[in-house]
Amino acid sequence: MEWLGPCVRSVRNPNRAVYLTFDDGPDPICTPAVLQVLAKHQARATFFLIAKKAAMQRELLVNIQNGGHAIGNHSLDHSYGYYFSKVPRLARWIRESESLLHGLCGAPTVGFRPPAGVRTPKLRRALQELGLPTVLWSVRHYDSVWKWRMSSADHSVQRLREGEVILLHDRQRRRNAPQFLATLDHFLSGATRAGFHFEALTRQICLDSQT
C-alpha cells in the first residue's frame, strides 16, 4: 500500500534481536509489573505512550527510561476523530504529542504508532511533514481483547523470526493482568532459550527499517 507511505513492521539486520513494543500506557498498575518481568529477563522494550497519560505518570516514565527502554509516540489522547481532520490539524495533534513526550523524556521518540494502527493518506502527509517514521508491527496477540495464554506464546516462539516487532499492551483489564504477566514471563523465557534477545527500538533503526 505505497499510497499510505512507508512504515516499519520489522527491523533490518537485527542480529537475532526481536523488538517487544507495548501500547496504551503508561498504566499505574500494570506498567510497573511489566517492567519487573522485563528486568528479570534483562529484556529491553519500547513503550508507545499516550502523551497526556505520560504527563500524569512522570515517575513511571522515569522508571521506564531507567530500565533501558525506549519511548514511542502513541498520540496525544488515543482519539480516532483526528483521522477525519485536514492535514494541518492532524499534524498539530501529532506535533503536540511529540513535543510533550520530548519534553518529558528529554529526547525525541523513536517514531509514531497511530491508534489502532490506522493509516490514511492524510496521516502519511502529516508524518512526512514532521519527519516521523510510522512504526507498526509484524506480530500481535490481541491481548487487549482476549487473555494472552501460554499456548499462544509457545506457538509464537516456534514461529518467531529475528527482527520481528511484537505488539503487546501494558494497559490490561485488571482481571486479565495476572495471566498477561505470567504469559509474558513464559514468552521471554521461551524466546531466550530459542536464541533470541530483546532490544529497544531507536529512531535511526526505525528510519532505516521503513518499507
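Bear in mind these aren't lab numbers, they're just calculated from the coordinates by the rules spelled out. Bear in mind the structure is a predicted one, so any value in this text is a computation, not a measurement. Note that each Cβ is placed from the backbone with ideal geometry, even for glycine, and that neighbours are counted across all protein chains shown.
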Handout entry: Extended-chain gain in nm, criterion 0.36 nm per residue less alpha-carbon gap, residue 125 and residue 12
Key = 38.3 nm
Problem - Computed over the range 64-211: relative contact order in percent, which uses C-alpha pairs under 8 Å that are six or more apart - result: 24 percent
Handout entry: Exposed chymotrypsin sites (Phe, Trp or Tyr not before Pro) absent: longest stretch of the chain, with sites in DSSP loops and at most 15 other Cβ within 10 Å deemed exposed
Key = 1-79
Exercise for the section: For residue 142 and residue 192, compute 0.36 nm times the residue count separating them, minus their Cα-Cα distance, and round to one decimal in nm. Expected result: 15.8 nm
Exercise for the section: Enter the Cα centre distance for the pair the range 145-177 and the range 110-134, rounded to the nearest angstrom. Expected result: 25 Å
Completion exercise
Long-range amide H partners of residue 46, meaning residues 5 or more apart or on another chain whose placed amide H is closer than 5 Å, are 20, 21, 22, 70, 201
Handout entry: Centroid-to-centroid separation of the range 6-25 and the range 46-69 [C-alpha atoms, Å]
Key = 18 Å
Practice task
Report, in deg cm²/dmol and to the nearest 500, the calculated mean residue ellipticity at 222 nm for the chain, where each DSSP H run with n ≥ 4 adds -39500 (n - 2.57) and the sum is divided by the residue count.
Solution key: -12500 deg cm²/dmol
Exercise for the section: For an R0 of 35 angstrom, estimate the FRET efficiency from the Cβ-Cβ distance between residue 210 and residue 182 and round to the nearest 0.05. Expected result: 0.50
Fill in the blank from the handout: So the angle from the long Cα axis of helix 121-130 to the longest Cα principal axis of the chain, reported in degrees to the nearest 10, equals 90 degrees
Problem - Using alpha-carbon coordinates, inclination of helix 30-40 to the longest axis of the chain, degrees - result: 50 degrees
Problem - Amide H contacts of residue 75 (H built 1.01 Å from N, under 5 Å, at least 5 apart or other chain) - result: 51, 113
Problem - Cα→Cβ-extended label distance, 7 Å offset, between residue 89 and residue 152, nm - result: 3.6 nm
Handout entry: Counting DSSP beta bridges with both ends in the chain, the antiparallel % (nearest 5)
Key = 5 percent
Practice task
Between residue 118 and residue 3, with labels modelled 7 Å along Cα→Cβ, what's the label distance in nm to one decimal, could you check?
Solution key: 1.8 nm
Handout entry: Separation of the residue 42 and residue 77 label points, Cα + 7 Å toward Cβ, nm
Key = 4.4 nm
Practice task
Specify the angular offset, from 0 to 90 degrees and rounded to the nearest 10, of the alpha carbon long axis of helix 87-105 from the longest principal axis of the alpha carbons in the chain.
Solution key: 50 degrees
